[in-house]
Amino acid sequence: MRISIDRSLCQGHGRCYDLAPDLFGADDEGYSALLVPDGRVAAELEDDARLAADNCPEAAVLLHQDALLQDALLQDAGTEEAAR
Amino acid sequence: MSVDDRFTSDPASLRSDPALGTFSEIVRGPVTDWATDFSHTDEEWAQGAIGIWDDLRQRCPIAHTERFGGAWLPTRYEDVAAVAHDTEHFSSRGIIAGNFRPPRALAPVGGTPPISSDPPFHHDARKLLLPAFTKNAVSRHEESTRAFCSSLVDRFAGRDVVDAAADYAQHVPVRVIADMLGFPPEDGPRFRRFVENALEGIDLPPEERLARSSSLFEYLLVQIRDHLEHPREDLTTYLLEAELAGRKLEPAHVAGTMALLLIAGIDTTWSAIGASLWHLAGHPEDRRRLVAEPELRPTAVEEFLRAYAPVTMARLVKDDVTWHGVEMKAEDWVLLSFSAANRDPAQFERADEVLVDRRVNRHAAFGLGIHRCVGSHLARMELRVALDVWLDRVPEFSLADSAAVRWSTGQIRGPRALPLRIG
């Protein structure tokens with residue numbers, strides 16, 4: 001899973017960094033800032049990511065479930081290519 | 001800073017001449033039909049607003065009134081969110097729906113920036129305040145807030161019944177904001193009067209309202225001059241030294257923002273603390289659970305904010321517009337009831353129930369869009385700490401006399417008298 005923040009929607013409510021402090025922090029003005037590189041969420045933090053998304057009043061926290069699938073496909077393709 | 005000629009003249013220079021605004025006829029008397037003649041100043045609203053919104057949401061859902069010179073009341077989450085996000089049709093020049101509309105020339109700054117401001121001015125005025133109100137910044141006040149709450153409970157010694165609204169909840173935000181602005185803590189009782197005048201005096205005759213609001217600006221000027229002579233680490237000095245586009249703020253901007261910070265955090269937070277304690281007094285199963293499971297309290301706080309959201313804001317319609325099926329006229333008020341939105345079953349499962357362990361809670365208690373409450377992190381801290389201290393020190397409490405509980409009228413909703421039996 002990957003996460004991102006829609007900056008045009010974020011208003012600094014801060015629910016994400018309250019609920020998922022390992023994934024989100026605050027900048028100097030209280031707007032949300034991603035703490036994980038490329039928005040990549042470790043498996044054990046996926047529930048936190050969902051909680052943050054489900055509680056954002058502006059729906060500014062986005063989950064990208066398909067990233068995982070895409071990664072897997074790319075990896076498979078890569079492996080296949082390497083095998084050839 | 002030895003000389004600052006921004007603040008040498010009289011208090012009247014700190015705000016626009018109210019005579020340039022417009023006054024509408026004061027309509028009194030009981031509401032005949034909530035869909036066509038609503039009034040947030042009616043006693044029935046104070047006691048039963050939640051039922052009124054639920055009823056209107058099903059049959060209206062955007063109520064109207066000819067009172068206050070014309071006003072609308074959307075009750076669905078979707079409509080409230082749409083108004084909050086729409087700064088093209090709706091202005092924040094007026095945010096307290098009553099019989100006075102601030103002068104049009106005040107836009108886009110408004111009398112109390114940034115809450116009264118519209119884009120594009122709004123952005124910069126808000127940006128000035130944000131760093132002082134981040135979660136991190138307000139955490140510096142947590143320890144003193146906890147000690148203060150505890151000192152309030154100390155005063156309950158020897159009493160069976162206390163008024164949780166008047167003896168506890170109301171004092172918390174007053175003390176915190178006095179501290180942040182650098183005002184003398186003993187001035188707290190005066191702040192209460194300023195708040196009443198601004199938020200609850202909307203059906204008073206114009207001349208009386210004006211006289212009352214003058215006293216606020218006279219007070220602010222005294223504080224400003226004291227801070228110019230003795231600058232210190234607080235919000236007042238910060239605002240006096242702040243710059244926008246390389247220039248110090250206009251005197252009316254400084255005083256207007258100080259008025260906002262003083263007034264906006266008091267009734268609102270007081271209401272949230274009081275409503276939460278009121279709920280717990282009447283629901284012993286929730287009370288016992290939160291006493292036993294302190295880790296659940298932050299989740300419960302969000303649910304109390306959803307179910308008893310204290311704040312309704314207002315907007316002014318910019319130009320005649322057909323909006324979601326109703327014909328709005330320029331200068332009509334729109335009440336932005338985040339409290340009603342938070343009760344909409346189309347947005348929340350089991351919207352009419354208070355579930356202290358509700359995990360998914362996308363509530364709008366602090367507003368939506370660019371005017372999200374700038375003090376939300378401060379309010380959350382105060383609410384969490386006030387409940388923590390109360391539950392830890394007064395784990396047993398119940399309503400002493402439910403008939404004596406009195407809720408406010410107007411846009412800020414919360415208990416103003418809340419006698420609780422303790423111990």
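Quick note: the coordinates plus some simple rules give every number you see, no bench work behind them. Source: prediction; values computed, not measured. All Cβ positions, even for glycine, are placed from backbone atoms using ideal geometry, and neighbour counts span all protein chains on display.
Brief remarks on what is shown
- Lysines with Cα under 23 Å of B:LYS248, excluding same-chain neighbours fewer than 8 positions away: B:LYS127
- GNM flexibility winner over chain B from B:ALA82, B:ALA309, B:ALA97 (Cα, springs under 10 Å): B:ALA82
- In this structure the amide hydrogen of B:SER408, modeled in the peptide plane, comes within under 5 Å of the amide hydrogens of B:GLY414, B:ARG416, none closer than 5 places in sequence on its chain.
- In range of the label at B:ARG212: residues from the range B:168-193 whose backbone nitrogen is under 20 Å from the point 7 Å along Cα→Cβ: B:170-171, B:174, B:187-193
- The ranking of B:THR409, B:THR269, B:THR75 from fewest to most other beta carbons within 10 Å of each one's beta carbon is B:THR409, B:THR75, B:THR269.
- Cα shape, the range B:287-334, gyration tensor, a/c 1.5 rule: prolate
- Rounded to the nearest 20, the size of the Cβ-charge dipole of the range B:97-157 about its Cα centre is 120 debye, with Lys and Arg at +1 and Asp and Glu at -1.
- Most positive-pole-ward Cα, B:ALA166, B:ASN136, B:ALA105, against dipole of the range B:56-182 from beta carbon charges: B:ALA105
- Rounded to the nearest 20, the Cβ-based charge dipole of the range B:1-64 about its Cα centre (Lys and Arg +1, Asp and Glu -1) stands at 160 debye.
- Chain B shape via C-alpha gyration tensor axes, a/c threshold 1.5: oblate
- The phi torsions of the range B:27-44, fed into the Karplus equation with coefficients 6.51, -1.76 and 1.60 and a -60° offset, translate into couplings of 9, 10, x, x, 5, 8, 8, 5, 6, 10, 8, 5, 8, 7, 9, 7, 4, 5 Hz, rounded to whole numbers, with Gly and Pro shown as x.
- Close amide H pairs (under 5 Å, H built 1.01 Å from N) link B:GLY94 with B:LEU316, residues at least 5 positions away or on another chain.
- Tensor-based shape of the protein assembly as shown (alpha-carbon gyration tensor, a/c under 1.5 rounded, otherwise prolate or oblate): rounded
- Legend: calculated FRET efficiency, B:ALA403 to B:ALA245, from the Cβ-Cβ distance at R0 = 45 Å, rounded to 0.05, equals 0.20.
- Within the protein assembly as shown, helix-based [θ] at 222 nm, where runs of 4 or more DSSP H residues each add -39,500 (n - 2.57), nearest 500: -12500 deg cm²/dmol
- Across the options B:LEU20, B:GLN58, B:PRO310, the greatest Cα extent toward the positive end of the charge dipole of chain B (unit charges at beta carbon of Lys, Arg, Asp, Glu) belongs to B:PRO310.
- As a proxy for reagent exposure, ranking B:TYR219, B:TYR308 by other Cβ atoms within 10 Å from fewest up yields B:TYR219, B:TYR308.
- Placing a label point 7 Å from the Cα of B:LEU296 along the Cα-to-Cβ line, the residues of the range B:357-374 whose backbone N sits under 11 Å from it are B:357-358.
- Placing +1 on the Cβ of every Lys and Arg and -1 on the Cβ of every Asp and Glu, with nothing else charged, gives the protein assembly as shown a dipole about its Cα centre of roughly 760 debye.
- If you take all other residues with their beta carbon under 10 Å from the beta carbon of B:ASP37, and give Lys and Arg +1 and Asp and Glu -1, the sum is -2.
- In the range B:1-105, trypsin sites (Lys or Arg not before Pro) in a DSSP loop with at most 14 other beta-carbon atoms within 10 Å: B:ARG28
- For the range B:413-419, putting each phi into the Karplus relation 6.51 cos²θ - 1.76 cosθ + 1.60 with θ = phi - 60° gives couplings of 10, x, x, 9, 9, 8, x Hz, in residue order, rounded to whole numbers and with x for Gly and Pro.
- Exposed GluC sites (Glu not before Pro) absent: longest stretch of chain B, with sites in DSSP loops and at most 14 other Cβ within 10 Å deemed exposed: B:89-232
- Hz values of 3J(HN,Hα) by residue in the range B:326-335 - Karplus curve (6.51, -1.76, 1.60), Gly and Pro given as x: 10, 8, 8, 9, 3, 6, 5, 7, 10, 7
- Here the residues A:TYR17, A:TYR31, ranked from fewest to most Cβ neighbours within 10 Å of their Cβ, fall in the order A:TYR31, A:TYR17.
- Computed label-point distance, nm, for sites B:VAL222 and B:GLN47 using a 7 Å Cα→Cβ extension: 4.0 nm
- Candidates B:VAL389, B:VAL360, B:VAL374: whichever shows maximal mean-square fluctuation once chain B is modelled as a Gaussian network with Cα springs under 10 Å: B:VAL360
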